[in-house]
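First comes the structure, then the notes that go with it.
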Amino acid sequence: MLNKYYIFSIIFFLYSCTPQSNETIKVINIFCKTSGQNIIENNKNFINKSDANFFKSYEKINGKKFSNSNFIVQSDEKRRGGYSLNLNKIVGNKIYFFETSPQEKTATSTVINYPYCEIELNIITNNLEVIIER
Amino acid sequence: MKNKNSTKKFQFILFPLLLILSACGGGGGGGSGSLPRSVAACTDTGTAYQTTEYLAMGGGSSGRALSMICASNAYTRGYTGSGIKVAVMDSGIRTTHQEFSDTGKLNIATGSDYVNSDNDPTDDNGHGSHVAGIIAADKDGTGMHGVAYDAKIYAFKVLNASGAGSTANLGNAITGAITAGVDIINYSLGSSDEIGVDCSSKVACRSYYGSTFYDKFSGASATSNKIQVVAAGNESKSNPSTLAGLVTYDSDLQGRTIAVVAVGTDGAIAAYSNKCGITASYCLAAPGSSIYSADKDSNSDYETLNGTSMAAPLVAGSLAILKQEFTSLNNTQLVTRLLESATNTGIYSDTSIYGYGLLNLGQATSPMGVLRTLSGSDNLDSGSASYIDLSSTSFISSASFSNALKKSLTGKQLEVYDSFDRANFKVELNDLIVSKSNISEFNTINHFNRLKSKDKPQVYLSPFGQTEATYVNGQLESNLFTTYNNFLAIGYNQDTNSFLKNEKTNLIANDRLFSKNYFNNPYFYNEGGSNFFMSLNNNQSGLDTFMNSNSNDLGFAMKFNNGEKLTEDGYASNLEFSFGVSAENKKFLNSSSSGAFATENFSNTNFLGLKYNKTVQDLNFVSSIYMGQTFINEKESSYLSGSKPIYTSSLTMGVIKDNFYDPSQKIGFVMSQPQKVEKGEINLRVPTSSNRDRNVSYTTYNVDLKPDARQVNLDLIFEKSITEMENLKLGLTHVQNADHSTESKNQNFISAYWQKRF
């Protein structure tokens, strides 16, 4: 009985702490572009404002730079133009992006670039997952 | 320099007069495209241009893009791409960016937005603005500047906001660029494919791209003869992308299309860059990493980018500079020159990576091979064109007009051509002129030595006459044989006035130290080599002949005099009138010229001379005046063309008084004017411009040889014999308007010479 009680209590506690339980992630502002620089250097494909390196990444952005940006998503290095990153959907704590790529034989700029999106989310959390679909 | 080879003492020396006929050497033909392919890295030497703006384009302290290719060297030469139109096939341009605000910098052709089919090529991506900035961003003290910062940009929008576009739009834009009359087209674009893999022949590549686009990229651009620069791509492949590599198989593209790979800030191939591979014969490397240039988001927006996209515009801009500088080169020659001038030593010798090597604008804008003058044709490639190395061309002008020649040619230029491809360069004509100067003779040593007593000749008697020979250090210095009746005189290294031996000036001043000996015939130039004279005389007439073994000059003079001798009471006057001709060998008025300024044999001077000498007891008055008319015998292929006769004069007057205060003293005063042009003109017809059809235009410079002043020398010489073994000489000299120039400072000399024999 005692074990069942403790297990139930832990499960209840953990469930009560998850964001989806009480607030849905929403995008307030988003601007997608390509950067000539590798914006995010944390081996992940996103960085949020709670990360100590966020402002370092934010400084590298050569785009709109929303004043309330708190989330940056970046795809991997591209050897030519024609790529773009677009928000697809948000499911729970998962944010889905879709990366478009140039068609075969399409003329593209021959520059090293990194497609990225600069985003203002309604909340900041470390429990987000970014999925880039191609 | 006198000939001092002879060590024997001669009682009778015969000097054959040899007429030396020199064969004329022909001019060397101009080579083309024969530069040995070993080009070392350049040194960026144009420090005046290495501003913060100049350094801003490249990242890294050692890899700044413009320094790496030595762009400042080209700027120092005066070339910045001015007037050259460069099309940028890209994502458009931020038209209001501060880097494109110079008047005429940005040009928008009708319909230049091929993405949205309108006339507004506004940049939605930023790439096009960046590329355009690398080519020609303004040099305005802000941000950075392009490699060819005075070139004109023609923006064509073929890439959308993501940096992609259709080949159909690109083909249409090529047509638009041709219509706009651009000179160079830059393609910082491509795809992920690879030449030799995705297509490996002209036919296959035409099929790969489709004939519509292919025929515009190749055929139409060939017909309109556009230079094309294409980024090789960033896929780290062994060969360029297909677009950059089409030149490999298509002769229509060869000679006017360059594929460009990128090097990093360390100068080595960038990790991302494709290599030249099978396109090596049409491929070049240029800096492509950490390139800072304009961006699209504001008028003062900049970004640092990496890629062969950044390397290609450095090449396109460099070609704009070459096209501005070398008006004599057609597009194929410009492309070849840029390739052949690339640094190909060290790591750049690997053609499979770097093709021809690393872009070297310093070398490309400098002479390759040797510079040569052109004559004999108005076309650089004509069989009749005669080329002579510039180093062999010079004009050492006579002091009688050097001042006027220099002044007349100030600021005048001559076009010369390098031996690699006959690329045209400008040379200041004045730099080819060396002026002889009378001033140089008026040095301390000469003034001192002229007061020295002359070496006494040794006298030898023979059945036929008397020989006087002067030796210096055992070497024969001069020699004069005269028959006892004075009918024949033969001299070696004698002054011409040896034949009229009553000028007492020679007794007190050793003026042989000065080339314009006061009373000599000034048209018998006795400088250098050995001089030979022969004179036939009777009491009232004579014939002088002269030859200089150094210059092979010949001279003849008839002379007539009154034959009056000094009377017992010390009165005499002697008047001599002479006329003759001096024939100079490949020079005139003692001005030697060579190469493109060369003259033929026998530039003749007809001269008249008058000498007067009057002795009144211990006073001796002397004077001489010579006038000449010189005809230049111009060489057919020479730049001297249609020159007019040159009239010259020289004048000397003096008085020498023996028994000055006492018999041991004498004093002399002489005023003289060295040979001077009074009237004359030479015409220099020189190449001054050329066009891409290789035709050359000549300009004729009429050079008035009359100097702007008259040089006058005033000499006062005093001599005192203290004892038989000891004497003293003092000299005062004033030179007014030296070298017949108002710009020369007047000169004054005081010299003293004391001599005591033991």
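The values are calculated or read from the model by the stated rules, or taken from the named source; none is laboratory data. Note that the coordinates shown come from a computational prediction; the quantities given were computed from them, not determined experimentally. Glycine gets a Cβ as well: all are built from the backbone with ideal geometry, and neighbour counts include every protein chain shown.
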remark   = From the option list B:TYR612, B:TYR626, single residue qualifying as without any contact (Cβ under 8 Å) to a residue 60 or more places away in the chain and under 30 Å from B:ILE667 (Cα atoms) is B:TYR612
task = Check off (1) within 13 Å of chain A (Cβ to nearest Cβ); (2) more than 30 Å from B:SER82 (Cα to Cα); (3) out of contact with any Pro (no Cβ under 8 Å at 6 or more places or on another chain) for B:ALA231 and give me the number that stays unchecked.
result = (2)
inquiry  = Just to be sure I understand, how many residues within segment B:296-310 are within 22 Å of B:GLY362 (Cα to Cα) and more than 9 Å from chain A (Cβ to nearest Cβ)?
reply    = 0
ask   = Residues in segment B:183-194: is at least one within 13 Å of chain A (Cβ to nearest Cβ) and farther than 21 Å from A:ARG80 by Cα?
value = no
Segment B:423-460 - residue that is assigned to a strand (DSSP E or B) and either touching a Leu at 6+ places or on another chain (Cβ under 9 Å) or without any contact (Cβ under 8 Å) to a residue 24 or more places away in the chain (or both) and, of those, surrounded by the most Cβ atoms within 10 Å (Cβ to Cβ) = B:ASN424
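Which residue, of B:ALA137, B:ALA164, is more than 14 Å from chain A (Cβ to nearest Cβ) and buried (at least 24 other Cβ atoms within 10 Å of the Cβ)?
Working: B:ALA164 fails: more than 14 Å from chain A (Cβ to nearest Cβ).
Only one candidate passes the filter, namely B:ALA137.
Does B:THR142 fit the bill of being out of contact with any Phe, Trp or Tyr (no Cβ under 9 Å at 6 or more places or on another chain), under 30 Å from A:PRO102 (Cα atoms) and surrounded by fewer than 24 Cβ atoms within 10 Å (Cβ to Cβ)? Reasoning before the result, please.
Values: out of contact with any Phe, Trp or Tyr (no Cβ under 9 Å at 6 or more places or on another chain): yes; under 30 Å from A:PRO102 (Cα atoms): no; surrounded by fewer than 24 Cβ atoms within 10 Å (Cβ to Cβ): yes.
No: the conditions fail for B:THR142.
Of A:LEU128, A:LEU87, which residue is modelled with pLDDT of 90 or more and within 11 Å of the chain's Cα centre (by Cα)?
Numbers: A:LEU128 fails: modelled with pLDDT of 90 or more.
Within the list A:LEU128, A:LEU87, the selection yields A:LEU87.
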Among (1) out of contact with any Pro (no Cβ under 8 Å at 6 or more places or on another chain); (2) aromatic (Phe, Trp, Tyr); (3) away from chain A (no Cβ under 11 Å); (4) within 19 Å of A:THR110 (Cβ to Cβ), the one test that B:PHE156 misses = (1)
query = Which of the residues spanning segment B:240-264 are within 14 Å of chain A (Cβ to nearest Cβ) and either over 38 Å from the mean Cα position of the chain (by Cα) or in a loop (DSSP other than H, G, I, E, B) (or both)?
reply = B:PRO240, B:SER241, B:THR242, B:LEU243, B:ALA244, B:GLY245, B:LEU246, B:GLY264
query = Does B:THR343 qualify as being polar (S, T, N, Q), within 14 Å of chain A (Cβ to nearest Cβ) and either crowded, with 24+ Cβ neighbours inside 10 Å or in contact (Cβ under 8 Å) with a residue 40 or more places away in the chain (or both)?
reply = no
key: Some residue of segment B:376-392 being in contact (Cβ under 8 Å) with a residue 40 or more places away in the chain and over 30 Å from B:THR336 (Cα atoms)   = no
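When the residues of segment A:108-131 are filtered to those that are touching a Phe, Trp or Tyr at 6+ places or on another chain (Cβ under 8 Å) and of a type in the set (A, V, I, L, M), which remaining residue is surrounded by the most Cβ atoms within 10 Å (Cβ to Cβ)?
Residues of segment A:108-131 that are touching a Phe, Trp or Tyr at 6+ places or on another chain (Cβ under 8 Å), as a first pass: A:112-113, A:115, A:117-121, A:124, A:128, A:130-131.
So of that shortlist, the ones also of a type in the set (A, V, I, L, M) come out as A:112, A:119, A:121, A:124, A:128, A:130-131.
Working: A:ILE112: 29, A:ILE119: 22, A:LEU121: 21, A:ILE124: 13, A:LEU128: 19, A:VAL130: 16, A:ILE131: 13.
The selected residue is A:ILE112.
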